[in-house]
1. Filter the range 13-37 for residues that are at pLDDT 95 or above and in contact with a helix residue (DSSP H, G or I) (Cβ under 8 Å, 6 or more places away or on another chain); which is surrounded by the most Cβ atoms within 10 Å (Cβ to Cβ)?
2. Quickly run through the range 53-75 and pick out the residues that are modelled with pLDDT under 95 and surrounded by 17 or more Cβ atoms within 10 Å (Cβ to Cβ).
3. Can you find even one residue in the range 39-52 that is surrounded by 13 or more Cβ atoms within 10 Å (Cβ to Cβ), at pLDDT below 95 and in a strand (DSSP E or B)?
4. Determine the pairs where a residue that is at positive phi, located within the range 6-32, has a partner that is open to solvent by 60 Å² or more (accessible area, probe 1.4 Å) and part of a loop (DSSP other than H, G, I, E, B) with Cβ atoms under 9 Å apart, the partner being 6 or more residues away or on another chain.
5. Would you confirm whether any residue within the range 47-55 is of a type in the set (V, I, T) and within 12 Å of A91 (Cβ to Cβ)?
6. Identify, from the list K86, K102, the residue that is touching a Pro at 6+ places or on another chain (Cβ under 8 Å), more than 19 Å from S7 (Cα to Cα) and among the basic types (K, R).
7. Would you point out the residue of the range 89-98, among those that are surrounded by fewer than 21 Cβ atoms within 10 Å (Cβ to Cβ) and modelled with pLDDT of 95 or more, that is farthest from Q3 (Cα to Cα)?
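The values are calculated or read from the model by the stated rules, or taken from the named source; none is laboratory data. Since we're looking at a predicted model, the values are computed, not measured. No Cβ is skipped: glycine too gets one built from the backbone with ideal geometry, and neighbour counts run over all protein chains shown. Side chains are part of the model used for accessible areas, which takes the heavy atoms of the whole protein and leaves out ligands, DNA and RNA. Shrake-Rupley method; radii C 1.70, N 1.55, O 1.52, S 1.80 Å.
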Amino acid sequence: QVQLVESGGGLVQPGGSLRLSCVVSESIFRINLMGWYRQAPGTERELVAVMVRGFSTNYADSVKGRFTISRDDAKNTVYLQMINLKPEDTAVYYCKVILNSKDYWGQGTQVTISS
């Protein structure tokens, strides 16, 4: 069973930055897709950023130019660097990987942007 543990969330002011981390219990070298999603209260979970096979990346329009997804295979970790944060970025952020055609999710980390 693949396990994912997110960290790095918190409360920051608008314009601030955060870096989320997602540690995967298995080697991420074999993972086909890894991504970050978020869910705000009363809304559906939405894609924020995704990395396919370690090459191509895709971002939601609302975060392009502000968020960057990256990976460190040696640490089995996926990152989401977030800059210029806005109140509308407030949500629970979830890490997801797809391995052998099966989805695995983390427990989520809360990100709150407020002055």
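1. V23
2. Listed by number, the list holds a single entry, R71.
3. yes
4. That search, which allows pairs on different chains as well, returns G15/I83; G15/N84; G15/K86.
5. At the first step, the residues of the range 47-55 found to be of a type in the set (V, I, T) are 48, 50, 52.
This time we only want the ones that are within 12 Å of A91 (Cβ to Cβ), so: 48.
Yes - at least one qualifying residue is present in the range 47-55.
6. Values: K102 fails: touching a Pro at 6+ places or on another chain (Cβ under 8 Å).
So the residue among K86, K102 that is touching a Pro at 6+ places or on another chain (Cβ under 8 Å), more than 19 Å from S7 (Cα to Cα) and among the basic types (K, R) is K86.
7. Step one: list which residues in the range 89-98 are surrounded by fewer than 21 Cβ atoms within 10 Å (Cβ to Cβ), which gives 90, 92, 96, 98.
Imposing the further condition that a residue be modelled with pLDDT of 95 or more reduces the set to 90, 92, 96.
Numbers: T90: 24, V92: 18, K96: 10 Å.
For the range 89-98, the residue satisfying everything is T90.
Yes or no, residue by residue, for (1) over 16 Å from G42 (Cα atoms); (2) part of a strand (DSSP E or B):
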position	(1), (2)
L80	yes, yes
L85	yes, no
E88	no, no
V92	no, yes
C95	yes, yes
I98	yes, yes
D103	yes, yes
Q107	yes, no
V111	no, yes
